[in-house]
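The values are calculated or read from the model by the stated rules, or taken from the named source; none is laboratory data. These numbers were taken from a predicted model, which means no experiment stands behind them. Note that each Cβ is placed from the backbone with ideal geometry, even for glycine, and that neighbours are counted across all protein chains shown.
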Amino acid sequence: MQSAACFTYGSLMWPDIMARVCGCEASELMHCRAWLSGHSRHPVLGQDYPGLVVRRGAAPLQGVLYRGLSPHHLQRLDAFEGQEYERVAVEVALEAPGASRAFATVADGGATGAVEQAWVYRYRADLAHRLGPGDWSEQGFETHAEPMAGWPRAITSASSPA
C-alpha cells in the first residue's frame, strides 16, 4: 500500500479534526508546517471553512502537511470535501519561502527545507463566485466557539463509511 501526503489550509490544519475525518487518532498523524505557492485562500460565503484557488504571484500560503495517508484516509477526505473541491497534486515547501533556516516543527522527524509532492483540495473554479474577498481567518475559526463545537458532529456524519 502506497502512502500519500495532503496539504491542508483550513479546518483540517487542526490534527483532532483531521483525525476525525480520516477515522484515526490524532497521535497517528505525521504532520508539519508547509507552504504552497501560486494559490490563495478565501472564506466560503456563509460557511466556517475556506476555499483555495490558483492565484499566480500570491504570497506563499502556510498550512499543514500530513504524511503517510492511506487510500482509506483519502477516500474519507474525498467524501468530507464533497463536490465543492477537487483533489489535485501540488508541490509544497517544508521551509518558509525566503527563510534562512527551516522551522523545527516537523512532527515525524522528516527533513525540512525540501519540496514534496502532496494532494490538496482546491475549490472548483466554476464555484469561485461563492468565495469572499480576503484571506480566511485561522484565528477566527479557532476562537469562534460555535463552529468548533459543531465540527465533531458534522465530521462524524459527513465522513462515516458508507
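Looking at the stretch 97-116, is at least one residue in contact with a strand residue (DSSP E or B) (Cβ under 9 Å, 6 or more places away or on another chain), on the phi < 0 side of the Ramachandran plot, at pLDDT 95 or above and of a type in the set (Gly, Ala, Ser)? Scanning the stretch 97-116 turns up no residue that is in contact with a strand residue (DSSP E or B) (Cβ under 9 Å, 6 or more places away or on another chain), on the phi < 0 side of the Ramachandran plot, at pLDDT 95 or above and of a type in the set (Gly, Ala, Ser).
Are any of the residues in the stretch 130-141 surrounded by fewer than 12 Cβ atoms within 10 Å (Cβ to Cβ), modelled with pLDDT under 90, closer than 25 Å to residue 42 by Cβ and not β-branched (Val, Ile, Thr)? Yes, that holds for at least one residue.
Go through 47, 62 for me and flag whichever is closer than 13 Å to residue 136 by Cα and either of a type in the set (Lys, Arg) or in a loop (DSSP other than H, G, I, E, B) (or both). Selected residue: 47, the only one of 47, 62 that is closer than 13 Å to residue 136 by Cα and either of a type in the set (Lys, Arg) or in a loop (DSSP other than H, G, I, E, B) (or both). Looking across the stretch 142-162 at every residue that is more than 18 Å from the chain's Cα centre (by Cα) and among the hydrophobic types (A, V, I, L, M, F, W, C), the one that is modelled with the lowest pLDDT is identified as 162. Against the numbered list (1) within 24 Å of residue 143 (Cβ to Cβ); (2) at pLDDT 90 or above; (3) not in a strand (DSSP E or B), residue 42 comes up short only at (3). Among residues of the stretch 6-28 being farther than 17 Å from residue 138 by Cβ and without any contact (Cβ under 8 Å) to a residue 40 or more places away in the chain, the one that is surrounded by the most Cβ atoms within 10 Å (Cβ to Cβ) is 19.
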